[in-house]
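Presented below is the structure to which this report refers.
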Amino acid sequence: MVTIEDIQHKYEVALRRCQELYAGRKIKDTAGGVRYTKGKIVEDITRDLVRIAWSKVSPDEARLKIDKKKIPIKTNGEIYKLSQDLHVHIDDIFRIGIECKSYTEVAMYKRVLVDAKLLKKAVPSISAFFIVQLENFLGGDYGVKIEAKGSDSVITLNRICPQVNIKVITLLDGDRDIKKPLHIPEYFKPLRRERLDYAIEQFRYAMLTKI
């Protein structure tokens, strides 16, 4: 089973790769590679956190499945297929939807909220939705408090869709600063155990919550 230390090491390796890509930007365009590496590490970390959370629920790893298979959303005669970054299935039942972002803007949050609303209607067994972001760009206290109250914009949007429960988990302390990107060595931020432990507990609780 992967450990917290393994996750922290994986994050550090990914950030070093981002720093190397950024350092070579004068030779070739590496912006896409930096963005991809950051996005991928959030998804990899989240997948590991979900597995650790499941180990605290059951020793049977076969009962847990994670995929991103598209779900058909039918309205009248039209079909719209959508998926989130990670679909968590327990005993082959889709229970948790997770979006993974290097950061989340309010416009992104609106899209995730609409997608979650559509998914919840199509798959009523889903009991929880999460956004896991590396850095905070939503305002509020996500980058300050581990168990955050949120931002005014997110709280307002959530009130419009009360049937959808989206929990925002932020992995790094502080807010995103476009002038101080993580891929520049002096602006590196450590991945603290306290935030990872909190994420694990939130996933564990969601796994135990049934509709």
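Bear in mind these aren't lab numbers, they're just calculated from the coordinates by the rules spelled out. Note that this is a predicted model, so its numbers are computed, not measured. Virtual Cβ from ideal backbone geometry, glycine too; neighbours counted across all protein chains shown.
Hey, can you grab everything whose amide H is under 5 Å from the amide H of VAL168? Only 5+ residues off in sequence or another chain; H modelled, so Pro and N-termini drop out.
Counting only residues 5 or more places away or on other chains, the set is ILE131.
For the stretch 4-208, calculate the relative contact order in percent as a whole number, restricting contacts to Cα pairs under 8 Å that are 6 or more residues apart.
21 percent
Between ILE73 and residues 5 or more places away or on another chain, which pairs have amide H atoms under 5 Å apart, with H built 1.01 Å from N, and which residues are they?
TYR80, LYS81, LEU82
With just the Cα atoms defining each centre, how far is the stretch 43-115 from the stretch 176-190? Give it in Å.
The two parts, judged by their Cα centres, are 28 Å apart.
In whole Hz, with x marking every Gly and Pro, tabulate ³J(HN,Hα) for the stretch 120-136 from phi via Karplus 6.51 cos²θ - 1.76 cosθ + 1.60, θ = phi - 60°.
After applying 6.51 cos²θ - 1.76 cosθ + 1.60, I find 4, 5, 7, 10, x, 6, 5, 9, 7, 10, 10, 10, 10, 10, 5, 10, 8 Hz.
At a 10 Å Cβ-Cβ cut-off, how would you order ILE184, ILE178, ILE96, ILE52, fewest neighbours first?
Fewest to most other Cβ atoms nearby, the residues stand as ILE178, ILE184, ILE52, ILE96.
Using alpha carbons only, how many degrees (0 to 90, rounded to 10) separate the axis of helix 31-55 from the longest principal axis of the chain?
50 degrees
If you take every DSSP beta bridge fully contained in the chain, what fraction is antiparallel? Give it as a percent rounded to 5.
Working: 14 of 26 bridges.
Percent antiparallel among DSSP bridges in the chain is about 55.
Run the dipole for the chain about the Cα centre, Lys and Arg Cβ at +1, Asp and Glu Cβ at -1, nothing else charged, and hand back the magnitude in debye, nearest 20.
Details: 39 positive and 29 negative charges, 120 e Å.
In debye, rounded to 20, the chain gives about 580.
Just going by the charge dipole of the chain, with Lys and Arg at +1 and Asp and Glu at -1 on Cβ, which of VAL144, VAL42, GLN8 is farthest out on the positive end?
Checked the options; the winner is VAL42.
Once you've got the Cα coordinates, tell me which of LYS74/LYS145; LYS40/LYS145; LYS10/LYS68; LYS149/LYS210; LYS117/LYS149 are over 28 Å apart.
Result: LYS74/LYS145 exceed 28 Å.
For ARG95, what residues show an amide H to amide H distance below 5 Å, using hydrogens built from the backbone and excluding near sequence neighbours?
Correct list: VAL88, HIS89, ILE90.
Do the sum for the chain: with -39,500 (n - 2.57) for every DSSP H run of n ≥ 4, divided by all residues, what is the mean residue ellipticity at 222 nm, to the nearest 500 deg cm²/dmol? Kindly include the intermediate steps, with their values, before the conclusion.
Numbers: 5 runs with 87 residues, N = 211.
Here the helix-only value at 222 nm equals -14000 deg cm²/dmol.
Of all the stretches in the chain, which is the longest one without any exposed loop site, taking trypsin sites (Lys or Arg not before Pro) in a DSSP loop (any state but H, G, I, E, B) with at most 16 other Cβ atoms within 10 Å?
On the way: sites that count: ARG25, LYS26, LYS28, LYS56, LYS68, LYS69, LYS70, LYS145, LYS149, LYS179, ARG192, LYS210.
My reading of the result: 71-144 is the longest stretch.
For the pair SER83 and ALA107, what calculated FRET efficiency results from E = 1/(1 + (r/R0)^6), where r is the Cβ-Cβ distance and R0 = 25 Å, to the nearest 0.05?
0.80
Rounded to whole Hz and in sequence order, give me ³J(HN,Hα) for the stretch 195-210 from the Karplus expression 6.51 cos²θ - 1.76 cosθ + 1.60, θ = phi - 60°, writing x for Gly and Pro.
Result, rounded to whole Hz: 6, 5, 4, 5, 4, 4, 5, 5, 5, 4, 4, 5, 5, 8, 8, 10.
Taking the square root of 5 times each eigenvalue of the Cα gyration tensor, what semi-axes in Å does the equivalent ellipsoid of the chain have, largest first?
28, 20, 18
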